[in-house]
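Novice: Sending over a structure as structure tokens; questions will come in a sec.
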Amino acid sequence: MAFPLCVLFNGLYYRRKYNLGNMKVVLVSMLGLNLTYVGLLLSVSILRNAVVHGMNWVRVIGFVPLLWLPLAWASKTKVKKLLDFLTPSLGINNMIIHTGCIFAGCCCGFPIERYPSWLQWMAIYNNQMKAYLFPTQLCESFTCGLLALVIVLWARKKHYRTDGLAFPLYLALFGATRFIWEFFRDNPKIAGPLSEFSFWCIAWVVEGIVWIILAKIYRKRHPVQPDPIEPPDLEDEGEPQVLRPTEGQA
């Protein structure tokens, strides 16, 4: 469900903002997301000694641009444009996937008794643990959807000028919000209240902030003219219209 929703969002709305044709949008969206998750599976499998069970998106999100570089080359799309175009899809995709965690029984919160009484109405029964747990999955799902909206509104504010900063901004925000939600997750702690994922989150916040700072420094030292508005890709847009002279011009 997540992949088709991202393709619909990119095809019906976002492609017009970045002047991409229908077929290019479908290919870039599907291949981009598939490359992301193939890379996720392989990376987590290596990190966990070929054991895929227990894989987590937070471990590899900072490496996603490396997976998109071949796609930018193959689709003849600028890397900056690809980063700005595909980044909201990460939030949409994670928003949908986190809801599935409830049915899978993973990514749980602590037993609801550990939380204040005003939060206990949110409890969801977990069949595996035979207990009512805090719905961390739904909270993270809402957060990822909100981050996707923030990126779209931010792009709109700068009139969809491509600068490649959508991804590092999303990365820093994702790391910061996930770091907070990690305190509500029932994950093994390795340093006080911090789990392994807490340190991954810190790393992604640092990467996102450093990326943005370095990009702004580079742009200040090497000023360039803004990218010209590209003509729309007429692929799959129907037959071109032929302008006919009026009577006064004939």
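The values are calculated or read from the model by the stated rules, or taken from the named source; none is laboratory data. The structure displayed is predicted, hence computed values, not measured ones. Counting neighbours? That spans all protein chains shown, and the Cβs are built from the backbone with ideal geometry, glycine included.
Novice: Which numbered condition in (1) at pLDDT 90 or above; (2) under 25 Å from the mean Cα position of the chain (by Cα); (3) within 20 Å of Val60 (Cα to Cα) is the only one that Arg185 fails?
Specialist: (1)
Novice: Can you find a residue that is among the β-branched types (Val, Ile, Thr), within 21 Å of the chain's Cα centre (by Cα), at pLDDT 85 or above and part of a helix (DSSP H, G or I) anywhere in segment 215-224?
Specialist: no
Novice: A further question on this structure: Can you tell me which residue in segment 55-93 is farthest from Phe174 (Cα to Cα), limited to those that are of a type in the set (S, T, N, Q) and in a helix (DSSP H, G or I)?
Specialist: By that ranking, first place goes to Ser75.
Novice: Being over 13 Å from Asp186 (Cβ atoms) and modelled with pLDDT under 75 is the requirement here; does Ala123 meet it?
Specialist: no
Novice: State all residues of segment 138-169 that are of a type outside the set (A, V, I, L, M, F, W, C) and in a loop (DSSP other than H, G, I, E, B); if no residue qualifies, say none.
Specialist: Answer for segment 138-169, where residues must be of a type outside the set (A, V, I, L, M, F, W, C) and in a loop (DSSP other than H, G, I, E, B): Lys158, His159, Tyr160, Arg161, Thr162, Asp163, Gly164.
Novice: Also, quick follow-up: List the pairs whose first member sits in segment 109-123 and is within 14 Å of Leu138 (Cα to Cα) and exposed (fewer than 15 other Cβ atoms within 10 Å of the Cβ), whose second member is modelled with pLDDT of 75 or more and small (Gly, Ala, Ser), and whose Cβ atoms are under 7 Å apart, counting only residues at least 6 apart or on separate chains?
Specialist: Close Cβ pairs satisfying both conditions: none exist.
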